[in-house]
1. Here's a check for you: in the stretch A:98-126, which residue that is among the hydroxyl-bearing types (Ser, Thr, Tyr) and over 30 Å from A:THR163 (Cβ atoms) is surrounded by the most Cβ atoms within 10 Å (Cβ to Cβ)?
2. Tell me, yes or no, whether the stretch B:88-96 has at least one residue that is assigned to a helix (DSSP H, G or I), touching a strand residue (DSSP E or B) at 6+ places or on another chain (Cβ under 6 Å) and within 14 Å of chain A (Cβ to nearest Cβ).
3. Which condition from (1) within 14 Å of chain A (Cβ to nearest Cβ); (2) over 27 Å from A:ILE187 (Cβ atoms) is the one that B:GLU53 breaks?
4. Kindly indicate the residue of the stretch A:117-150 that is within 14 Å of another protein chain (Cβ to nearest Cβ) and not in a loop (DSSP other than H, G, I, E, B) and also farthest from A:SER12 (Cα to Cα) among those meeting that condition.
5. Could you say which residue among A:ASP64, A:ASP9 is modelled with pLDDT of 95 or more and among the acidic types (Asp, Glu)?
6. Quick check on the stretch B:162-179: of everything there that is among the basic types (Lys, Arg) and in a helix (DSSP H, G or I), which residue is nearest to B:ALA236 (Cα to Cα)?
7. So in the stretch B:151-205, with the set limited to residues that are within 24 Å of B:PHE115 (Cα to Cα) and away from chain A (no Cβ under 14 Å), which one is surrounded by the fewest Cβ atoms within 10 Å (Cβ to Cβ)?
8. What's the number of the only condition in (1) within 14 Å of chain B (Cβ to nearest Cβ); (2) under 24 Å from A:LYS217 (Cβ atoms); (3) of a type outside the set (Val, Ile, Thr) that A:GLY114 fails to meet?
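The values are calculated or read from the model by the stated rules, or taken from the named source; none is laboratory data. Because the structure is a prediction, the values reported are computed rather than measured. No Cβ is skipped: glycine too gets one built from the backbone with ideal geometry, and neighbour counts run over all protein chains shown.
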2 protein chains.
Amino acid sequence: MTAQIIFYDIASTKPLTTWSGNTWKTRYALNYKGIPYKTVWVDYSEIELRSKEVGASPTRKKPDGSPNWTLPMIHDLSTGAVVADSTKIAAYLDATYPDTPRLLPPGTLGLFRGFEAAVLSLLNGTLYQYIIPGSCKLLQPSGQAALRRKREAMFGKRMEDVTPRGEDDVIEWKKVKDVFGTMDDWIKMNGEGNAFMMGDTPCYIDLWMAAYGQWVKQTVPEKWEDMKLWHGGRWAMLLRNFEKYETVL
Amino acid sequence: MTAQIIFYDIASTKPLTTWSGNTWKTRYALNYKGIPYKTVWVDYSEIELRSKEVGASPTRKKPDGSPNWTLPMIHDLSTGAVVADSTKIAAYLDATYPDTPRLLPPGTLGLFRGFEAAVLSLLNGTLYQYIIPGSCKLLQPSGQAALRRKREAMFGKRMEDVTPRGEDDVIEWKKVKDVFGTMDDWIKMNGEGNAFMMGDTPCYIDLWMAAYGQWVKQTVPEKWEDMKLWHGGRWAMLLRNFEKYETVL
């Protein structure tokens, strides 16, 4: 099959490498569904420009209330649809390609949005201290400057001072572990030995969680070495289970 | 059938009336499943005492780290199990009574826990300003004193000063509306005209949301008059749909 979907991912100094957890969610989803696509790599400084060119709607608001465009974004050439925001993309793919493996079981989309909101609010003040500076280091100078502008305003400090050091690192990294511990508890609620959030079969929620493992692995590999050992090796196992969906088309 | 489950609810000055949203979750669940039970009304000041008597584990921690016992709690005489925490009770009832209507579809328990965490974190600083003082007014003097001790420490002000007035009320009540607006959005994500979170059929998530409507209706009836009109009448409709599960056994 020829590619019918253009998938916009964020470029870095490493060719053909997805580093952002958010674009990992979509890469995993496209590969899981086996839909042919072609990746277009966008410099971090050009996300807004390219999104407007393709005709995407803003996905968020900036702290000052102005519109914010983010990746991932897909342009489906077969329908003309342009969709940004990883969960909207997942819902779009399920609705438009019903003959491919389903990402979210029928009826669970609203429930998943709540789940997502809960986890993001927990990760925001904790994991982001590690993965955002780690991501910054991987970008080209133009992308670095753009990411600094956006994120230093949010953190209220220079990028170099965001990641906790020494004693602070011990405390803050433990908080990150506790967030993943909460997700580990939620997985076990359906059955102690379950590998996935909804039982024996993976779905988008598992790909979504694995995307955060990838974000750590790609941007703070020394922390990934620790994280691999957490919760009986759950997160290492999750990434291993999804190795077949890492393809970059 | 004779009652095999003792359901511990919180007493008030109104006989046979459930006012707490948290115990509404369990009352709705028991009636929805059609499991015979008998309500035992516990004074708010005696929750810890009665819970220990029955042998319940603490469900939470107090701000000072000491254990906290809460209602709802059930004592299932047929199995000997004592379960506290509304979601644990729902999971227990689904597992123990598989021939009754299911509260949470298979595999959705962990996902629901995330949903619950997200909504609670949004309701905590907003809706609670209204329903906690409203609840306090319904209690017997002994219960009022106990609720004050616990909640005034959490709010950092006297119960009489918790509910916003005048301009503050307009701002804060709008925040409450926005939280319910978020849930309304999530419901519509699975289908614009859906009455329930997972589609056409209600499940525990809908009973759980309705329980917050009940909490408003019982403790701040003047606010319920406004809330009934929100989001195309969604919350009024939800309570009407569940009227048949309001029975007090």
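1. A:THR108
2. Yes.
3. Against the list (1) within 14 Å of chain A (Cβ to nearest Cβ); (2) over 27 Å from A:ILE187 (Cβ atoms), B:GLU53 comes up short only on (1).
4. A:ALA118
5. Matching residue, one of A:ASP64, A:ASP9: A:ASP9.
6. For the stretch B:162-179, the residue satisfying everything is B:LYS177.
7. Residue satisfying both the conditions and the ranking: B:LYS174.
8. (2)
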